[in-house]
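Chemist: Mind having a look at this structure? Questions to follow.
The values are calculated or read from the model by the stated rules, or taken from the named source; none is laboratory data. Since the model is a prediction, treat every value here as computed from it, not as a measurement. Cβ atoms come from the backbone with ideal geometry, glycine included; neighbour counts cover every protein chain shown.
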Amino acid sequence: MATLVFRAPNGERIENPATTLIQSVVLDPSRDYWRQGSGDATIDFSDGNHRKRLLVLPNDLLFFYLKYIEGTETWLSLQDADRLGEVIECSDEWYASVGLFLPRERAWLAIKDFCDTGRRCNDIQWIRPVDLPEGGNW
């Protein structure tokens, strides 16, 4: 059986959270939810053999950038390849390319799929950090 661990921006650790909890903080968070603590969240998925992680990095205007980590592989969500050279702050002093941020609904689809399967969502385009142009950041 798989284990899911959600770490909220304030550092709270929730093992096997209800999907509705994560859905609410993605689609309809309280005003200051993503401004507390580190300002980001992690979701760890473990099926006993493999551990995978999804970092959820917010921005007030662009919503969410997702970073999927499995072993030594890292994948970044992609929304707009033309805006990968533009950088904006997300979380607390963490800067990332504008083109990586997904609208709330698309981010939720990817997060839900990860929570259910531990895999990257096929409905989202993903790139590797080496695919970012000069001036881009992840």
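Chemist: Would you check if there is a residue in region 26-46 being surrounded by 15 or more Cβ atoms within 10 Å (Cβ to Cβ), within 17 Å of Gln125 (Cβ to Cβ) and modelled with pLDDT of 95 or more?
Modeler: Scanning region 26-46, I find no residue that is surrounded by 15 or more Cβ atoms within 10 Å (Cβ to Cβ), within 17 Å of Gln125 (Cβ to Cβ) and modelled with pLDDT of 95 or more, so the answer is no.
Chemist: Does Asp47 meet the test of being of a type in the set (Asp, Glu) and touching a residue at least 60 places away in the same chain (Cβ under 8 Å)?
Modeler: Answer is yes for this residue.
Chemist: Among the residues of region 120-138, which ones are surrounded by fewer than 13 Cβ atoms within 10 Å (Cβ to Cβ) and assigned to a loop (DSSP other than H, G, I, E, B)?
Modeler: The answer is Asn122, Asp123, Arg128, Pro133, Glu134, Gly135.
Chemist: Going residue by residue through region 51-70, is there one that turns out to be at pLDDT 95 or above and more than 28 Å from Glu134 (Cβ to Cβ)?
Modeler: Yes, because at least one residue in region 51-70 is at pLDDT 95 or above and more than 28 Å from Glu134 (Cβ to Cβ).
Chemist: Sticking with this one: Could you say whether any residue in region 54-61 is in contact with a Gly (Cβ under 9 Å, 6 or more places away or on another chain) and surrounded by fewer than 20 Cβ atoms within 10 Å (Cβ to Cβ)?
Modeler: No: zero hits.
Chemist: Only one of (1) without any contact (Cβ under 8 Å) to a residue 24 or more places away in the chain; (2) assigned to a loop (DSSP other than H, G, I, E, B) fails for Gly39. Which number is that?
Modeler: Of the numbered conditions (1) without any contact (Cβ under 8 Å) to a residue 24 or more places away in the chain; (2) assigned to a loop (DSSP other than H, G, I, E, B), the odd one out for Gly39 is (1).
Chemist: Checking the structure you have, find out if any residue of region 72-87 is within 20 Å of Gly39 (Cβ to Cβ), of a type in the set (Gly, Ala, Ser) and at pLDDT below 95.
Modeler: Scanning region 72-87 turns up no residue that is within 20 Å of Gly39 (Cβ to Cβ), of a type in the set (Gly, Ala, Ser) and at pLDDT below 95.
Chemist: Among the residues of region 85-108, which ones are loosely packed, with under 14 Cβ neighbours inside 10 Å and touching an Asp or Glu at 6+ places or on another chain (Cβ under 6 Å)?
Modeler: Within region 85-108, just Tyr95 meets the criteria.
Chemist: Under the condition of being assigned to a loop (DSSP other than H, G, I, E, B) and touching a residue at least 12 places away in the same chain (Cβ under 8 Å), which residue from region 16-36 is nearest to Arg106 (Cα to Cα)?
Modeler: Pro17
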